[in-house]
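Below: one structure, written as structure tokens.
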Amino acid sequence: MRLSVLEEPEERGPQFLKKALGFVPGPVAVMQYRPAFFGRHYARALEEGLRGGKAWRRGELELFAAFISSRNQCAYGTQTHGAVAALYLGKAIVREVLADYLTASIAEPLRATLIFLEKLTLLPAEVGPEDVQRLREAGVSDQGIREALLVSFLTAIMNRLSAAFDFEPPPPRLAKPLALLTRYFGYERG
Amino acid sequence: MSRKAIKYPAVIANLINAVLHGPGETSALLRQAVASRAAPKGANAAETGPLPPGLAPFVDRLAHDPGNLGSADITALRVAGYDEDEIFELAVGVALGAALGRLELGLAALQEAGPCD
């Protein structure tokens, strides 16, 4: 990472991970560094946004995060959220969506939401009420739109911090164990 | 069309308050300025003055083209005199501004679409 304060963490959580795994996930380092400034609040929002959905299941919310990350060219977010989504939805669906969501074998409300999220990520100034109408026509509830917007907000932040500080994606041997840790313990325990 | 003020969920309001209004190594005004510049066109970003010299290229790249941000952008901030804590805060401010603008545009679209039938 590009900041030594993140590379050599003084906090207990990241130090434990560094000893146990030889690797500190970038978001963990960022969220535990001066947590009152950013990390504590972001972790709470992340827990609510990716694990507290009512309209979408956890796997779908993780898939949104992986998809947005891919559009932001964030390898870290694409891989890690994709790995968590795969635990819920299966690897094949995640792979299909990331390769071509327009032809992936997914339900139409999910596809319509991915189209919306791509536009919001890459062409935000062009988003308007007609996009909301398309989502509604595809069967997405307003609650579902709000939940997708929260995932977009959270992912847009961490993708940029990954770009700024150069998060290294987890080594392949750790991808699934880290996804399992996230699935069982969530985002607030860091 | 005039928009109603957007009321954010508590978890987001707390995050905004800490990053843009809380104590830090940089001034809250500077964090608000980078967040405002990072917001996409069309978002209701507050008017702020010009940024200090050397900061705008980093803000613009991280906000609008994060995939192409590199080590040189961080080095340029160090050369301009920012230390690691300040760089951390500025990056968080930019990331929050870019994300908040998108959230606001999405919520505004939802509001402008009117109630669901």
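How do A:MET158, A:MET1 line up, fewest other C-beta atoms within 10 Å first?
The fewest-first ordering by Cβ neighbours comes to A:MET1, A:MET158.
Using only DSSP helix segments of four residues or longer, with each worth -39500 (n - 2.57), what per-residue ellipticity at 222 nm results for chain B after dividing by its residue count and rounding to 500?
-17500 deg cm²/dmol
Can you give the mean number of other chain Cβ atoms that lie within 10 Å of the Cβ atoms in peptide A:117-128?
The mean count of partner-chain Cβ atoms within 10 Å per residue comes to 4.
How large is Rg over Rh for region B:48-108, taking Rg from the Cα atoms and Rh as the Kirkwood inverse mean of 1/r across Cα pairs?
With Rg and the Kirkwood Rh in hand, the quotient comes to 1.00.
Just want to confirm a number: the relative contact order over chain A, from Cα pairs under 8 angstrom separated by 6+ residues, in percent.
30 percent.
Projecting each Cα onto the charge dipole of chain A (Lys/Arg +1, Asp/Glu -1 at the beta carbon, about the Cα centre), which of A:PHE153, A:GLY139, A:GLN32 comes out farthest on the positive side?
So the residue we want is A:GLN32.
Using a 10 Å cut-off on Cβ to Cβ distances, tally the other chain neighbours for every residue of A:163-173 and report the average as a whole number.
3
Using the beta-carbon distance between B:ARG78 and B:ILE6 and R0 = 30 Å, what value does 1/(1 + (r/R0)^6) give for FRET efficiency, to the nearest 0.05?
Computed FRET efficiency for B:ARG78 and B:ILE6 comes out at 0.25.
Just to confirm the filter: which trypsin sites (Lys or Arg not before Pro) across region A:1-99 are DSSP coil and have at most 16 other Cβ within 10 angstrom of their Cβ?
When the trypsin sites (Lys or Arg not before Pro) of region A:1-99 are filtered for loop state and at most 16 Cβ neighbours within 10 Å, A:LYS54, A:ARG57 remain.
Between A:GLY13, A:GLY39, A:GLY77, find the one with the highest GNM mean-square fluctuation for chain A; connect C-alpha pairs within less than 10 Å.
Greatest mean-square fluctuation among the candidates belongs to A:GLY13.
Past the 26 Å Cα-Cα mark, which pairs from A:LYS18/A:LYS119; A:LYS18/A:LYS176; A:LYS54/B:LYS7; A:LYS18/A:LYS54?
Beyond 26 Å: A:LYS18/A:LYS119; A:LYS18/A:LYS54.
Using label points projected 7 Å from each Cα along Cα→Cβ, tell me how many nm separate B:ASN68 and A:GLU47, to one decimal.
For the pair B:ASN68/A:GLU47, the computed spacing is 4.0 nm.
Per the helix-only calculation at 222 nm, which mean residue ellipticity applies to chain A, given -39500 (n - 2.57) for every DSSP H run of n ≥ 4 and division by its residues, nearest 500 deg cm²/dmol?
About -22000 deg cm²/dmol.
From the Cα trace of the protein assembly as shown, what convex hull volume per residue do you get, rounded to a whole Å³?
122 Å³
How much length would be gained if the chain were fully extended between A:LYS18 and A:ARG173, taking 0.36 nm per residue of separation minus their Cα-Cα distance, in nm to one decimal?
Length gained, A:LYS18 through A:ARG173: 54.3 nm.
What nm distance separates the two modelled labels at A:GLU188 and A:LYS119, each placed 7 Å from Cα along Cα→Cβ?
Roughly 3.5 nm, to one decimal.
Dipole of region A:1-79, Cα-centred, from +1 at each Lys and Arg C-beta and -1 at each Asp and Glu C-beta, to the nearest 20 debye?
About 180 debye.
Since every read-out is calculated from the coordinates, none of them should be taken as a lab result. None of these values were measured; they are calculated from a predicted model. Heads up, the Cβs are rebuilt from the backbone with ideal geometry, glycines too, and the neighbour counts pull from every protein chain shown.
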